[in-house]
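The values are calculated or read from the model by the stated rules, or taken from the named source; none is laboratory data. All values reported here derive from a predicted model rather than from experimental measurement. Every residue, glycine as well, gets a Cβ built from its backbone with ideal geometry; the counts of neighbours run over all protein chains shown.
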Amino acid sequence: MAVREIVIHPAPVLRRKARKVTDFGPQLQTLIDDMVETMRDAPGVGLAAPQVDVLLRVIVVEFGDEEDEEVPPKLYSVVNPELVKASSDVVTGVEGCLSIPGFAGEVDRSLEVVVKGQNRRGQPIRIKASGWLARVFQHEINHLDGVLFIDLAEKVWRLEEEDNQLLAAD
């Protein structure tokens with residue numbers, strides 16, 4: 001496993017649509033392991049493959065229980081993720097991005113989503129998420145289509161240096 005360099009906006013790769021994964025071999029396994037290590041090192045709660053300069057439909061998300069900090073965070077590795085259901089209930093929340101350091105913005109997201117995809121071995125998976133976890137999945141899946149939070153934000157602002165450490169949404 002290795003920490004990879006995170007691509008910073010306005011790098012063109014962040015605006016391109018990622019390709020579907022068809023090969024679940026060793027290269028994909030290394031990519032996923034490296035993405036997890038990179039996300040944790042940043043630190044962040046999610047990372048999409050284009051953020052490490054790989055145009056494949058792969059995301060990793062690691063998120064704990066919002067109600068109980070004693071519960072260890074759960075790690076999700078999702079290949080070819082799709083939002084198959086999104087609630088009409090929308091919530092505005094503050095987001096940041098590892099590829100847009102030093103900035104945050106208010107973004108409207110569905111409160112609940114269902115994500116369909118494959119695990120790292122190619123088996124089908126389905127994830128129901130709500131609250132902040134649903135927001136993280138929507139943010140990361142947007143990356144796979146070249147959409148950044150700044151494209152969706154009502155307003156964007158520059159963070160103070162100390163705030164930047166607290167807000168890495170992905």
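The residues of segment 67-112 that are part of a loop (DSSP other than H, G, I, E, B), surrounded by 15 or more Cβ atoms within 10 Å (Cβ to Cβ) and in contact with a Phe, Trp or Tyr (Cβ under 8 Å, 6 or more places away or on another chain), listed by number, are 96, 97, 100. Contact map, segment 108-131: residues that are at negative phi paired with residues that are at pLDDT below 95 and of a type outside the set (Phe, Trp, Tyr), Cβ distance under 8 Å, separation 6+ or inter-chain. Pairs shown: 108/154. Sub-6 Å Cβ pairs linking a first residue in segment 76-90 that is among the polar types (S, T, N, Q) to a second residue that is surrounded by 14 or more Cβ atoms within 10 Å (Cβ to Cβ) and part of a loop (DSSP other than H, G, I, E, B), at least 6 apart or interchain, are 77/120; 80/21; 80/57; 87/111, ordered by first then second residue.
Whether any residue in segment 22-45 is part of a strand (DSSP E or B) and touching a strand residue (DSSP E or B) at 6+ places or on another chain (Cβ under 9 Å) is what I want to check. Within segment 22-45 (the criterion being part of a strand (DSSP E or B) and touching a strand residue (DSSP E or B) at 6+ places or on another chain (Cβ under 9 Å)), the answer is no, since none of the residues qualifies.
Taking first residues from segment 57-69 that are under 9 Å from residue 45 (Cα atoms) and partners that are in a loop (DSSP other than H, G, I, E, B), the Cβ contacts under 9 Å between residues at least 6 apart in sequence or on separate chains come to 61/45; 61/170; 62/44; 62/45; 62/73; 63/45; 63/73. Inspection of segment 12-27 identifies no residue that is of a type in the set (Lys, Arg) and within 25 Å of residue 130 (Cα to Cα).
In segment 16-29, the condition of being under 13 Å from the mean Cα position of the chain (by Cα) and closer than 17 Å to residue 137 by Cα is met by no residue.
Before we move on, is residue 7 assigned to a loop (DSSP other than H, G, I, E, B) and touching a residue at least 60 places away in the same chain (Cβ under 8 Å)? It is true that residue 7 is assigned to a loop (DSSP other than H, G, I, E, B) and touching a residue at least 60 places away in the same chain (Cβ under 8 Å).
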